[in-house]
Amino acid sequence: MVTFGLTVVRHGETRYNKEKILQGQGVDEPLSEMGFRQASAAGLFLSDVKFTHVFSSDLLRAKQTAASILGKSHFCKEVAVKYDARLRERKYGVAEGRPLSDLRIMAKAAGEQCPSFTPPGGETLEEVKARSKDFFADLCHLIVGEACQEKQATEKTTEKDTERAGESSNTWLTNHHRCLEFHSSPTECPEELAANVLVVSHGAYMRNWMSYFVSDLECTLPATLTKTELSSVSPNTGISQFLIKLENRDNIKPKIQCIFLNRVDHLGDVAAENL
């Protein structure tokens with residue numbers, strides 16, 4: 001069994017977010033001043049988390065958010081960010097660059113409801129799901145592969161050193177113990193983790209990814225989470241945390257536990273600055 005932590009963060013606010021204009025993939029806006037403050041606050045909140053892998057959408061607002069988070073890290077400033085187009089926001093076609101209200105008008109005219117409506121040139125929810133499913137499958141394969149290689153290397157070293165022959169076969173996990181903790185004062189780690197992964201992405205994409213976790217992979221949820229919270233788009237720099245357990249075999253459904261979803265208490269001071 002291989003266990004890893006997954007932290008998913010939505011990018012910080014852009015000018016278009018504030019003005020409720022759809023960006024999708026075709027409008028590549030930078031973070032606003034508020035967005036940079038939000039990203040900095042998320043970075044402080046995550047500053048003691050020892051991320052082993054960092055992935056980001058290749059759109060500017062996500063790239064800037066990932067850089068801001070790592071810039072505040074006590075451990076991960078030198079971790080290379082891997083930009084992946086599969087983490088991009090949903091494509092909204094002709095609706096990109098237009099007010100969200102226009103999308104609702106288009107959906108109503110077509111006799112459909114948002115967010116299931118697909119504007120001309122946009123992606124269907126199934127197409128977005130396919131992207132998230134493909135990324136997650138590759139991520140799981142990567143973590144399992146690295147964990148197995150690490151274990152094999154440790155076992156070979158142990159065999160050569162008879163003085164260490166009595167050590168636990170789980171040394172490889174202990175040596176890579178990562179604290180799945182999001183406060184500046186970490187408490188005792190609940191799990192021994194083979195890896196701790198940070199992903200920075202987008203609101204509609206993340207909501208679709210969460211739907212895949214729950215509907216297809218039977219992710220367990222916090223008892224206090226409401227249906228409204230589950231179906232809502234994450235606020236800017238909302239933080240979600242998951243614990244992923246994988247068997248070292250192919251075609252085995254991962255066991256996923258959502259620790260919390262779309263957490264924003266790190267934004268308290270940022271919001272207070274604007275009162």
(Q) Contact list please: Cβ distance under 8 Å, first residue in the range 61-82 and at positive phi, second residue among the aromatic types (Phe, Trp, Tyr) and at pLDDT 95 or above, pairs at least six apart or on different chains. (A) none
Q. If you take the residues of the range 23-59 that are farther than 17 Å from SER201 by Cβ and charged (D, E, K, R), which of them is nearest to the chain's Cα centre (by Cα)?
A. LYS50
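Going by what's in this entry, would PRO235 be described as touching a Cys at 6+ places or on another chain (Cβ under 9 Å) and modelled with pLDDT of 95 or more?
Criteria not met by PRO235.
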Q: Would you please name the residue that is farthest from ALA85 (Cα to Cα), looking only at residues in the range 95-145 that are open to solvent by 70 Å² or more (accessible area, probe 1.4 Å) and among the acidic types (Asp, Glu)?
A: GLU112
Q: Would you be able to say whether some residue in the range 89-99 is under 14 Å from GLY26 (Cα atoms), in contact with a Ser or Thr (Cβ under 8 Å, 6 or more places away or on another chain), in a helix (DSSP H, G or I) and in contact (Cβ under 8 Å) with a residue 12 or more places away in the chain?
A: yes
Q: Mind listing just one residue for me: the one in the range 239-275 that is at pLDDT below 95 and of a type in the set (Val, Ile, Thr) and, of those, farthest from TRP209 (Cα to Cα)?
A: VAL270
(Q) For the range 212-242, which positions are outside any loop (DSSP other than H, G, I, E, B), free of Cβ contacts under 8 Å to residues at least 12 places away in the same chain and of a type in the set (S, T, N, Q)? (A) SER215, THR228
Q: Enumerate the pairs (first residue in the range 3-21 and open to solvent by 10 Å² or more (accessible area, probe 1.4 Å); second residue anywhere and small (Gly, Ala, Ser) and modelled with pLDDT of 95 or more) with beta-carbon separation below 6 Å, excluding pairs fewer than 6 apart on the same chain, so at least 6 apart or on different chains.
A: ARG10/GLY203; ARG10/SER234; ARG10/GLY238; GLU13/SER32; GLU13/GLY35; ARG15/SER32
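Could you identify the single residue in LYS63, LYS82 that is open to solvent by 60 Å² or more (accessible area, probe 1.4 Å) and not in a strand (DSSP E or B)?
Result: LYS63 is the single residue among LYS63, LYS82 that is open to solvent by 60 Å² or more (accessible area, probe 1.4 Å) and not in a strand (DSSP E or B).
The values are calculated or read from the model by the stated rules, or taken from the named source; none is laboratory data. No experiment lies behind these values; they were computed from the predicted model shown. As a convention, Cβ positions derive from the backbone with ideal geometry for all residues, glycine included, and neighbour counts pool all protein chains shown. With ligands, DNA and RNA removed, areas are computed over all heavy atoms of the protein, side chains included. Shrake-Rupley method; radii C 1.70, N 1.55, O 1.52, S 1.80 Å.
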